[in-house]
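Novice: First the structure, which I've put down as structure tokens, then a few questions once you've had a look.
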Amino acid sequence: LHRFFTNLGRNPSKHSTDQLFDWINDVGLSIDDDGFILAHKGIRDGKSVHSGTAVVNGVTHTGQIPNPLGAVVEMPRNQVADDPGHTCSYGLHVGSLRYASSWGPTLITVRIDPADVVSVPVDGEKMRVSRYVVKEINETRSEFSQRVTSEDWYLDDEDDDCDCEYCGH
């Protein structure tokens with residue numbers, strides 16, 4: 001989790017940094033060994049369900065955005081809606097299994113740097129990001145086996161000092 005909080009420290013959004021860890025815990029996402037978030041996205045025929053403009057592996061696409069395995073999908077951060085009060089707005093949307101399953105017959109796992117999370121709508125199970133990497137197809141449409149829980153962020157006397165602003169050690 002130290003890597004997650006280090007990555008999160010590069011995020012310029014106060015709202016995202018204040019609530020992202022608890023939100024990940026609440027909706028059942030995972031954090032990998034590099035401190036990146038693993039989330040779900042629903043797609044149809046290898047593309048996003050809704051239309052927009054994004055860059056996939058350096059090529060700009062307008063319309064339904066391709067999401068092939070290994071692709072880097074991104075859009076300028078200043079084009080992603082940053083108001084958490086707007087549940088439906090511009091950006092690359094990813095989220096919980098329940099949220100993503102409702103958007104397409106194919107479920108993919110995406111990997112997000114916490115620094116690329118622009119907003120987490122206050123009443124939803126999704127987040128808007130400016131960049132993600134398509135990691136795999138979730139053939140079984142299952143939850144992550146290693147979910148983040150608040151117990152993961154418990155420090156005891158034997159824990160090393162991490163020098164981050166979040167845990168106070």
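The values are calculated or read from the model by the stated rules, or taken from the named source; none is laboratory data. For clarity, every value in this text was computed on a predicted model and none was experimentally measured. Cβ: placed from backbone, ideal geometry, glycine included. Neighbour counts: every protein chain shown. Just the protein is used for accessible areas: all its heavy atoms, side chains included, with ligands, DNA and RNA removed. Shrake-Rupley method; radii C 1.70, N 1.55, O 1.52, S 1.80 Å.
Novice: Just the residues that are charged (D, E, K, R) and within 16 Å of Asp83 (Cβ to Cβ), please, taken from region 11-34.
Specialist: Across region 11-34, the qualifying residues are Lys14, Asp18.
Novice: A follow-up question, please. Restricting to region 126-149, give me the number of residues that are at pLDDT 95 or above and of a type in the set (Ser, Thr, Tyr).
Specialist: Residues that pass the stated criteria total 2.
Novice: Output the number of the condition that Glu125 fails; it satisfies all remaining conditions of (1) surrounded by fewer than 22 Cβ atoms within 10 Å (Cβ to Cβ); (2) charged (D, E, K, R); (3) out of contact with any Lys or Arg (no Cβ under 9 Å at 6 or more places or on another chain).
Specialist: Condition (3) is where Glu125 drops out.
Novice: Check whether at least one residue in region 39-55 is outside any helix (DSSP H, G or I), out of contact with any helix residue (DSSP H, G or I) (no Cβ under 9 Å at 6 or more places or on another chain) and among the hydroxyl-bearing types (Ser, Thr, Tyr), and report yes or no.
Specialist: yes
Novice: Please specify each residue of region 8-42 satisfying the condition of being closer than 21 Å to Ile108 by Cβ and out of contact with any Leu (no Cβ under 8 Å at 6 or more places or on another chain).
Specialist: Trp23, Ile24, Val27, Asp33, Asp34, Phe36
Novice: Same structure again: Report, by residue number, each residue of region 1-24 that is open to solvent by less than 40 Å² (accessible area, probe 1.4 Å) and closer than 15 Å to Pro121 by Cα.
Specialist: Ser13, Ser16, Thr17, Leu20, Phe21, Trp23, Ile24
Novice: Sort out which residues of region 100-118 are part of a strand (DSSP E or B) and either touching a Cys at 6+ places or on another chain (Cβ under 6 Å) or open to solvent by 20 Å² or more (accessible area, probe 1.4 Å) (or both), and write them in order of number.
Specialist: Scanning region 100-118 gives Thr106, Arg111.
Novice: Being polar (S, T, N, Q) and closer than 21 Å to Cys88 by Cα is the filter here; which residues of region 43-75 pass it?
Specialist: Correct list: Ser48, Ser51, Thr53, Thr62, Gln64, Asn67.
Novice: Also: Of the conditions (1) more than 24 Å from Arg98 (Cβ to Cβ); (2) open to solvent by 80 Å² or more (accessible area, probe 1.4 Å), Pro66 clears all except one; give me its number.
Specialist: Going through (1) more than 24 Å from Arg98 (Cβ to Cβ); (2) open to solvent by 80 Å² or more (accessible area, probe 1.4 Å) one by one, Pro66 breaks only (2).
Novice: Those residues that are surrounded by fewer than 21 Cβ atoms within 10 Å (Cβ to Cβ) and at pLDDT 95 or above, I need them from region 84-99; list them, please.
Specialist: Passing the criteria: none in range.
Table: residues versus (1) without any contact (Cβ under 8 Å) to a residue 40 or more places away in the chain; (2) under 23 Å from Pro12 (Cβ atoms); (3) hydroxyl-bearing (Ser, Thr, Tyr).
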| residue | (1), (2), (3) |
| --- | --- |
| Thr60 | yes, no, yes |
| Pro68 | no, no, no |
| Arg77 | no, yes, no |
| Gly85 | yes, yes, no |
| Ser89 | yes, yes, yes |
| Leu92 | no, yes, no |
| Gly95 | no, yes, no |
| Gly104 | no, no, no |
| Arg111 | no, yes, no |
